[in-house]
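A short worksheet on the structure shown next.
The values are calculated or read from the model by the stated rules, or taken from the named source; none is laboratory data. None of the values given here were measured: they were computed from a predicted structure. Note that we place each Cβ from the backbone using ideal geometry, even for glycine, and neighbour counts take in every protein chain shown. These accessible areas exclude ligands, DNA and RNA; they are computed on the full protein's heavy atoms, side chains included. Shrake-Rupley method; radii C 1.70, N 1.55, O 1.52, S 1.80 Å.
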Amino acid sequence: MRIADYEPIVGKSSLEELRLLAARLSGKIVQNINSTFVGGGVAEILSRMVPLLCQLGVDARWSVIKGTDDFFQVTKKFHNALHGWAEDLTPQDFSVFMEVSQRNLAELKLDGHYVFVHDPQPIVLVEKKKDGNRKWAWRCHIDVSRPDGRVWKFLEPFINAYDAAVFSAPAFSRPLPIRQFLISPSIDPLSDKNKELPQATIDGVLSRFNIPNDKPIITQVSRFDYLKDPVGLIQAFDLVKRSIDARLVLAGGTATDDPESEKVLGEVRDRAAGNPDIHVLLIPPGSDIEINALQRASAVVVQKSIKEGFGLTVSEALWKAKPVVASAVGGIPLQVKNKLTGLLSHGIEGTAYDIRQLLTNPDYARWLGQNGREHVRQNFLITRHVRDYLLLFLSLGQTGDMVYL
Ligand code: UDP
């Protein structure tokens, strides 16, 4: 993948702008820090963003904090609680979080002029801000508009110590005393997950997963997480099946920072047991071609989340011109404009109704998918995202070495 390869997709001038902005950051190190190299949207974005920034001549790096099982149990609770989900948090949970954070503070080597910390897991690292002349930004990928008060109160002093906070959408943010930037996530059209695939590859993946291509395929790709509501989708599928024959594919893996997934996967398997039309696929990290092929093989792609960050899987499906049915949560309404770039569904019956509508109106489904692809081209491709990050770093500047825009 080279920068020039994006030209047919986004045009020459967009790339020229990236080169000009990147040149102003030459010699600067941008250090991204999160909690996992694989699994979930943040790792997905960083794995594409970091090499692309490097190609543009920015010294972008990616470090991961070290956590224990206990720590990730707690951060998962934090994640759910920040989404407004009721969680039973104990004083012990907060001390586990602080102990592991202190260890990372001691061990993690900071080398960035810009330290870009993603999500709450590594948030405490900002305590090192006093040690150097660096700019610190906290990238919040979660919708924190209605968080659990205890977790928010606990995190707030750390957030406020950053130079800036970055949210995916206006509705996700909260009033803060620091500067805020709004930057939507993105997908990479040239990654294995999103690039064009030959039909033979798609067919090969279906046959490897033992999915006959005999009836319309409805797919959701997601970590096995309650908030993605895979069981609710199975219930919606049961309703669809009353009038239309179809297959349901639930494909996902587990993330190293998500301890709940095994349990959810067990429940999904129990619920799907004995139904040959439901395919529950546990896919290992790096199954990008497989996910790409499954999305492309689908008649409808669903994202029936109860809560969502941005919901990258939606853009992934729209980019493939697939008709999407998705709940109106988190960043999904930014991507799915109801009845224009997909359908925003409500509840199990609403999801079933919308899936049926698309399966019985292929022309409408195709029109939605094509609109969706253009919407993603305009708003959610990695080149736009790179530009926004470059502008963010430039506007944060460096004390004593200020960059003026
Ligand atoms: N994904 C993956 N393997 C899986 C499940 C998901 O590679 O088993 C990818 C998916 O294609 C998407 C990202 O992980 O790129 C999930 O991002 P999203 O914003 O949809 O959800 P998150 O997991 O961050 O809540």
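So how many residues does the stretch 320-366 have that are open to solvent by less than 10 Å² (accessible area, probe 1.4 Å), part of a helix (DSSP H, G or I) and without any contact (Cβ under 8 Å) to a residue 60 or more places away in the chain?
Residues in the stretch 320-366 being open to solvent by less than 10 Å² (accessible area, probe 1.4 Å), part of a helix (DSSP H, G or I) and without any contact (Cβ under 8 Å) to a residue 60 or more places away in the chain: 3 in total.
Please identify the pairs in which a residue from the stretch 276-291 that is within 8 Å of the ligand (Cβ to nearest atom) has its Cβ atom under 6 Å from the Cβ atom of a residue that is β-branched (Val, Ile, Thr) and open to solvent by 20 Å² or more (accessible area, probe 1.4 Å), counting only partners at least 6 apart or on another chain.
PRO285/VAL38
Could you check the stretch 165-201 and list, in sequence order, the residues that are away from the ligand (no atom under 16 Å from the Cβ) and surrounded by 18 or more Cβ atoms within 10 Å (Cβ to Cβ)?
Result: ALA165, SER173.
What about ALA317, is it open to solvent by 10 Å² or more (accessible area, probe 1.4 Å), of a type in the set (Gly, Ala, Ser) and more than 9 Å from the ligand (Cβ to nearest atom)?
Details: open to solvent by 10 Å² or more (accessible area, probe 1.4 Å): no; of a type in the set (Gly, Ala, Ser): yes; more than 9 Å from the ligand (Cβ to nearest atom): yes.
So ALA317 does not fit the description; no.
Is it the case, given these coordinates, that VAL42 is in contact with a strand residue (DSSP E or B) (Cβ under 6 Å, 6 or more places away or on another chain) and either of a type outside the set (Lys, Arg) or touching a residue at least 24 places away in the same chain (Cβ under 8 Å) (or both)? Full working, then the answer.
Numbers: in contact with a strand residue (DSSP E or B) (Cβ under 6 Å, 6 or more places away or on another chain): yes; either of a type outside the set (Lys, Arg) or touching a residue at least 24 places away in the same chain (Cβ under 8 Å) (or both): yes.
Here the answer is yes, as VAL42 does meet what is asked.
I'd like to check something: does the stretch 9-25 contain any residue that is in contact with a Leu (Cβ under 7 Å, 6 or more places away or on another chain), open to solvent by 10 Å² or more (accessible area, probe 1.4 Å), within 22 Å of ASP111 (Cβ to Cβ) and not in a helix (DSSP H, G or I)?
Yes - at least one qualifying residue is present in the stretch 9-25.
Of the numbered conditions (1) within 15 Å of the ligand (Cβ to nearest atom); (2) assigned to a helix (DSSP H, G or I); (3) open to solvent by 40 Å² or more (accessible area, probe 1.4 Å), PHE37 satisfies every one except a single condition; which is it?
(2)
If you take the residues of the stretch 242-277 that are β-branched (Val, Ile, Thr) and open to solvent by 20 Å² or more (accessible area, probe 1.4 Å), which of them is modelled with the lowest pLDDT?
If we take residues in the stretch 242-277 being β-branched (Val, Ile, Thr) and open to solvent by 20 Å² or more (accessible area, probe 1.4 Å), then THR256 is modelled with the lowest pLDDT.
Within the stretch 186-214, how many residues are closer than 30 Å to TRP136 by Cβ and out of contact with any His (no Cβ under 7 Å at 6 or more places or on another chain)? Step through it out loud before you land on a result.
So in the stretch 186-214, the residues closer than 30 Å to TRP136 by Cβ come out as 186-188, 191.
So of that shortlist, the ones also out of contact with any His (no Cβ under 7 Å at 6 or more places or on another chain) come out as 187-188, 191.
Result for the stretch 186-214: 3.
Condition (residue is surrounded by fewer than 24 Cβ atoms within 10 Å (Cβ to Cβ), away from the ligand (no atom under 12 Å from the Cβ) and of a type in the set (A, V, I, L, M, F, W, C)) applied to the stretch 305-313: is it met by at least one residue? I'd like the intermediate steps shown before the answer.
Let us first name the residues in the stretch 305-313 that are surrounded by fewer than 24 Cβ atoms within 10 Å (Cβ to Cβ), namely 306-307.
Those left that are additionally away from the ligand (no atom under 12 Å from the Cβ): none.
No: the stretch 305-313 contains no residue that is surrounded by fewer than 24 Cβ atoms within 10 Å (Cβ to Cβ), away from the ligand (no atom under 12 Å from the Cβ) and of a type in the set (A, V, I, L, M, F, W, C).
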